[in-house]
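Colleague: Dumping the structure here so I can ask a few things about it.
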Amino acid sequence: METLPEHGWSRERIDAELDGFARGDSRWRDGRVPLYVFGGDARAAEVGRDAFFRFFTENALGGRRAFPSLVRMEQEVIAIGLALFGAAGTGAGFMTTGGSESLFLAVRAAREHARSTRGLPRGEGNLVMPVTAHPAISKAAACMDLVERRIPVAADGRADPAALEAAIDEHTVMLVGSAPCFPYGVFDPMPALGEIARRTGTWLHVDACVGGWIAPHVRAIGRPVPPFDLSVPGVASLSADLHKFGFCPKPASTLFFASPAHAQHAGFDLDVWPSGRYQSSTLVGTRPGGAVAGAWATLHCLGEDGYRRLAAELMHVRDAYVDGVRGLPGWRLVADPTLTVMAFGAPDLDMMRVAHKLGERGWVPGTTKSPPGLHLMLSMLHAPARDAYFADLAAIDAEVRAEAARGVGGLRAQATY
Ligand SMILES: *Cc1c(COP(=O)(O)O)cnc(C)c1O
């Protein structure tokens with residue numbers, strides 16, 4: 001069993017051991033991992049990483065008292081986001097360590113809002129969302145003892161506004177829409193959800209964690225992106241992860257509110273212990289200063305033209321993979337992907353067997369459970385891997401069809417995220 005070494009190891013030994021650990025990992029640099037990692041612009045990645053290590057020791061928890069640098073950088077990141085998401089000068093926001101934390105804090109703000117403005121009794125409260133909403137929202141609901149109501153989506157993979165509205169009652173604290181949702185990569189119809197939110201007095205949260213930071217630039221290069229941001233009437237809050245398609249170092253996300261009135265329900269201000277008053281907006285206490293500096297540096301390094309160039313390159317990768325799917329006889333996309341998140345499959349094939357065989361060939365297969373299919377979240381890491389991926393898929397398709405003809409099948413290898 002592993003114990004603390006009696007004598008500390010040399011730098012050389014540590015590096016050699018780390019190399020050994022890394023050798024066991026999937027070949028993500030070769031585009032063989034369809035999620036978890038993101039590749040954008042090499043220069044911006046280096047600038048972001050250097051900024052991260054420059055502020056490696058500084059702690060964003062102490063920003064107000066000791067590190068005004070971090071406060072300023074965070075304010076600038078938030079201002080940039082508010083301008084991108086249609087709330088320049090009117091909205092508010094703060095940085096978090098990830099999408100899950102942003103969503104947790106959004107749910108809490110919505111619950112506090114319902115308690116203070118509508119007298120929601122303690123012990124009550126539910127969240128209404130399409131079935132495609134991210135599990136982090138369920139995690140937040142579980143932590144706060146809120147009931148979640150997951151509602152089936154329409155045939156196009158998007159939220160069904162009428163079905164969502166029917167699930168809302170006087171104890172609903174939040175309605176959720178995704179921009180886009182992770183499973184199918186489509187945007188929920190936010191104007192219709194905003195309409196419902198206003199009619200029923202419900203807090204509408206837009207989960208733009210995955211696509212938020214790139215979607216405005218995709219729109220700017222002339223690609224269709226449905227309305228989804230804080231300018232849509234009825235939207236109360238929006239989460240967007242810098243560490244996904246903002247191409248910033250982990251851990252970094254943002255949470256925005258349509259107005260200071262909404263934002264006032266977020267945050268903690270406690271005076272309960274011998275040390276005195278404790279104030280913070282986030283769920284975590286200590287926060288890496290590096291993540292704040294890394295995000296600030298990445299945004300400024302890329303700039304509008306950099307993000308537009310990346311958006312164009314990403315959409316090129318998207319198109320190449322969409323064409324690849326369309327080139328496989330009998331295969332189809334579950335929905336038409338707006339950005340680079342997509343699900344697809346062949347209804348007459350055992351997709352979990354296909355996924356298993358992808359794994360045998362060195363790919364980490366992204367999968368969907370319903371409908372059974374494959375899943376991709378593409379970034380620039382995946383551009384060079386495209387032809388090899390579809391060559392393997394075509395070969396696997398033939399293999400699985402031949403096996404099915406011989407009565408071989410039934411292998412189940414559903415992914416756990
Ligand atoms: C990734 C993701 C999240 C959760 O973000 P983490 O940074 O992994 O905590 C939430 N919503 C959507 C749509 C996502 O894709």
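Colleague: Do we find that Pro183 is touching a residue at least 60 places away in the same chain (Cβ under 8 Å) and within 14 Å of the ligand (Cβ to nearest atom) in this structure?
Modeller: Yes, satisfied.
Colleague: What number of residues within segment 80-128 are of a type outside the set (Lys, Arg) and either outside the structural domain of Ala266 (by TED's automatic domain parsing) or not in a helix (DSSP H, G or I) (or both)?
Modeller: Here the count works out to 23.
Colleague: Collect the residues in segment 46-87 that are surrounded by fewer than 20 Cβ atoms within 10 Å (Cβ to Cβ) and touching a Pro at 6+ places or on another chain (Cβ under 8 Å), keeping them in residue-number order.
Modeller: Those that are surrounded by fewer than 20 Cβ atoms within 10 Å (Cβ to Cβ) and touching a Pro at 6+ places or on another chain (Cβ under 8 Å): Arg49, Phe56, Asn59.
Colleague: Tally up the residues in segment 83-123 that are free of Cβ contacts under 8 Å to residues at least 60 places away in the same chain and closer than 20 Å to Met73 by Cβ, please.
Modeller: If we filter segment 83-123 for residues that are free of Cβ contacts under 8 Å to residues at least 60 places away in the same chain, which is where we start, we get 83, 88-89, 100, 115, 117, 119-123.
Subset that is closer than 20 Å to Met73 by Cβ: 83, 88-89.
Residues meeting the conditions: 3.
Colleague: Could you grab the pairs with beta carbons closer than 7 Å, sequence gap of 6+ or different chains, first residue in segment 187-211 and more than 13 Å from Asp229 (Cβ to Cβ) and free of Cβ contacts under 8 Å to residues at least 60 places away in the same chain, second one part of a helix (DSSP H, G or I) and hydrophobic (A, V, I, L, M, F, W, C)?
Modeller: So the pair list comes out as Ile196/Leu164.
Colleague: Return yes when Glu2 is at pLDDT 95 or above, more than 25 Å from Met380 (Cα to Cα), acidic (Asp, Glu) and loosely packed, with under 13 Cβ neighbours inside 10 Å and no when it is not.
Modeller: Answer is no for this residue.
Colleague: Restricting to segment 16-68, name every residue that is among the acidic types (Asp, Glu) and either under 21 Å from Thr96 (Cα atoms) or not in a helix (DSSP H, G or I) (or both).
Modeller: Once the filter is applied, which keeps residues that are among the acidic types (Asp, Glu) and either under 21 Å from Thr96 (Cα atoms) or not in a helix (DSSP H, G or I) (or both), segment 16-68 yields Asp25, Asp41, Asp50, Glu58.
Colleague: Then there is this: Has segment 346-365 got at least one residue that is within 26 Å of Ala252 (Cα to Cα) and of a type outside the set (Gly, Ala, Ser)?
Modeller: There is at least one residue in segment 346-365 that is within 26 Å of Ala252 (Cα to Cα) and of a type outside the set (Gly, Ala, Ser).
Colleague: In segment 189-217, what residues are within 16 Å of the ligand (Cβ to nearest atom) and within 22 Å of Gly98 (Cα to Cα)?
Modeller: Leu204, His205, Val206, Asp207, Ala208, Cys209, Val210, Gly211, Gly212, Trp213, Ile214, Ala215
Colleague: Does segment 88-123 hold any residues that are touching a helix residue (DSSP H, G or I) at 6+ places or on another chain (Cβ under 9 Å) and surrounded by fewer than 17 Cβ atoms within 10 Å (Cβ to Cβ), and which are they?
Modeller: Hits for segment 88-123 are Ala88, Gly89, Thr90, Pro121, Arg122.
The values are calculated or read from the model by the stated rules, or taken from the named source; none is laboratory data. This one's a predicted model, so the numbers in the text were calculated from it and none came from an experiment. Glycine also receives a Cβ, built like all others from the backbone with ideal geometry; neighbour counts cover every protein chain displayed.
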